[in-house]
Amino acid sequence: MQKRKLGILEIWNLSFGFLGIQMGFALQNANASRILQNFGADVHQLSWFWIIAPLMGLIVQPIVGHYSDQTWTKLGRRRPYFLIGAVLASVGLVLMPQADIFIAFMPALWVGAGMLMIMDASFNIAMEPFRALVADNLRSEQRTLGFSIQTVLIGLGAVVGSFLPYALSHFFGVSNEAPEGSVPQHLILSFIIGAVILIISILITVLTTKEYSPSEMRDFEEANAKASDFVEEEVKESKLTDIFTDFVKMPATMRQLSWVQFFSWFALFGLWVFSVPAIAQHYYGLSPSDGNSEAYNEAGDWVGVLFSVYNLVSVFVALSLPKIAAVLGRKKTHAYALFIGGISLISIYFLSDENWLILSMVGIGVAWASILAMPYAILAGSINPRKMGVYMGIFNFFIVIPQIINALIGGPLVKYVYGDQAVFALVMAGVSMLLAAYLVTNVKDVDEKK
């Protein structure tokens, strides 16, 4: 007995909610730093505010993964979580750029940081079940395609989210000037639009996708018992504290991938946090004190355009990943993609004009597409199907821990080591991604061996 082979439209609908999640995530990535600067944050403090994001992932995703493995409702076991996450994330999206309306109760900077925390916790509630849903519903041979289509939707959502503030300002005439202590109107409107699209896209997945019941999942395992190393484990009631036991007993492939993820996401965090101040300073000749100026917001809007470029590139690369991986293997595909991304990050320092940064973003888009698909496709074949949710959540440790470390040391490095030149944080990100590319070669891909 096997899982039903899904059609392209069904696989598309399976992950469609990720389009809205990533649109909101892209709005946050490209604009949270300057929003916090508008509310009074110093550039050296930015990484400390951003520590909220990985902390929420560290806490939330394993717990959500554990309970989504154990629960079953009329909506299934994964869908209720990303529906709840979408509603909460939408609240954060609407309120974060408007945090100054609460200034009578608390400084806008702290309210904005609080909304950032709500958004990140909610995105994490929604994201992990989507990864597990793809692994639950697809056959092994369809997983690379499934995660690649998920990456396409992530890329499309991120393109729209990253480009939206620039489009509203330059094509629709919405003001991008920030009154003292407030956020430009085009950012406020962008976040509201992102919240609406997030809810709609999640509902499309919830209403069009069915999940296998626990009894069906058991039947699949029993039918494939001879080919599986996992079904021989004793079946017992799982407790929340088992997360720690599962962490210690993680498969070898997962342990090897953890180092790849560590250096990949250390690099990505540096890109997201420091791109606006780095490019505003290195290419526009601005200082952090210019944060409320029209010129600084122009630089921030251009960063949004650049982010939309790398996300758009990731869409096309993701469509090609299954064929490339079929020829090269998933490990080599991921290694080459990370190498290209690392060189591209380093190139940001050397290019002479901000328009040439589009080339850097093309290379980063190649790496981004692979980061969102290949590790999960490799990982899924090494995980006990009964623990797919919790292990996908634990795998998130190796995404958030490097971000927490970067958040703690990133600001001091810029201030004391890089001489207040934030662009060197992007160079360091490139070096980190090159190291991740090397480490992929040590990973054992169980599915490819089969």
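Table for the structure above
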{"item": "Subset of the range 415-430 [out of contact with any Ser or Thr (no Cβ under 8 Å at 6 or more places or on another chain) and either among the aliphatic types (A, V, I, L, M) or closer than 17 Å to VAL60 by Cβ (or both)]", "result": "VAL417, ALA422, VAL423, ALA425, VAL427, MET428, ALA429"}
{"item": "Qualifying residues in the range 276-327 (those that are within 17 Å of SER347 (Cα to Cα) and hydrophobic (A, V, I, L, M, F, W, C)) - the one nearest to the chain's Cα centre (by Cα)", "result": "PHE307"}
{"item": "Selection status of MET250, assigned to a loop (DSSP other than H, G, I, E, B), within 25 Å of the chain's Cα centre (by Cα) and either surrounded by 11 or more Cβ atoms within 10 Å (Cβ to Cβ) or modelled with pLDDT of 65 or more (or both)", "result": "yes"}
{"item": "Residues (more than 15 Å from the chain's Cα centre (by Cα) and modelled with pLDDT of 80 or more) located in the range 1-15", "result": "LYS3, ARG4, LYS5, LEU6, GLY7, ILE8, LEU9, GLU10, ILE11, TRP12, ASN13, LEU14"}
{"item": "Residue within the range 171-183 that is closer than 25 Å to SER370 by Cα and either of a type in the set (Val, Ile, Thr) or surrounded by fewer than 17 Cβ atoms within 10 Å (Cβ to Cβ) (or both) present", "result": "no"}
{"item": "Residues (surrounded by fewer than 18 Cβ atoms within 10 Å (Cβ to Cβ), at pLDDT 85 or above and outside any loop (DSSP other than H, G, I, E, B)) located in the range 281-318", "result": "GLU298, PHE316"}
{"item": "Any hit, the range 156-177, residues being without any contact (Cβ under 8 Å) to a residue 60 or more places away in the chain and among the β-branched types (Val, Ile, Thr)", "result": "yes"}
{"item": "Residues satisfying the stated conditions in the range 319-334, i.e. hydroxyl-bearing (Ser, Thr, Tyr) and surrounded by fewer than 19 Cβ atoms within 10 Å (Cβ to Cβ)", "result": "SER320"}
{"item": "Subset of the range 253-280 that is of a type in the set (A, V, I, L, M, F, W, C), over 26 Å from ASP445 (Cα atoms) and in contact (Cβ under 8 Å) with a residue 60 or more places away in the chain - its residue that is surrounded by the most Cβ atoms within 10 Å (Cβ to Cβ)", "result": "VAL273"}
{"item": "Residue in the range 40-57 that is in contact with a Lys or Arg (Cβ under 7 Å, 6 or more places away or on another chain) and modelled with pLDDT under 75 present", "result": "yes"}
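Every residue, every condition in (1) modelled with pLDDT of 85 or more; (2) in a helix (DSSP H, G or I); (3) in contact with a strand residue (DSSP E or B) (Cβ under 8 Å, 6 or more places away or on another chain); (4) under 20 Å from ASP301 (Cβ atoms), yes or no:
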site: ASP136; (1), (2), (3), (4): no, yes, no, no
site: GLU141; (1), (2), (3), (4): no, yes, no, no
site: THR144; (1), (2), (3), (4): no, yes, no, no
site: GLY161; (1), (2), (3), (4): yes, yes, no, yes
site: GLU177; (1), (2), (3), (4): no, no, no, yes
site: VAL183; (1), (2), (3), (4): yes, no, no, yes
site: PHE191; (1), (2), (3), (4): yes, yes, no, yes
site: ILE202; (1), (2), (3), (4): yes, yes, no, no
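The values are calculated or read from the model by the stated rules, or taken from the named source; none is laboratory data. Fair warning: this is a prediction, and the values are worked out from it, not measured in the lab. Positions of Cβ are generated from backbone atoms using ideal geometry, with glycine treated the same way; all protein chains shown enter the neighbour counts.
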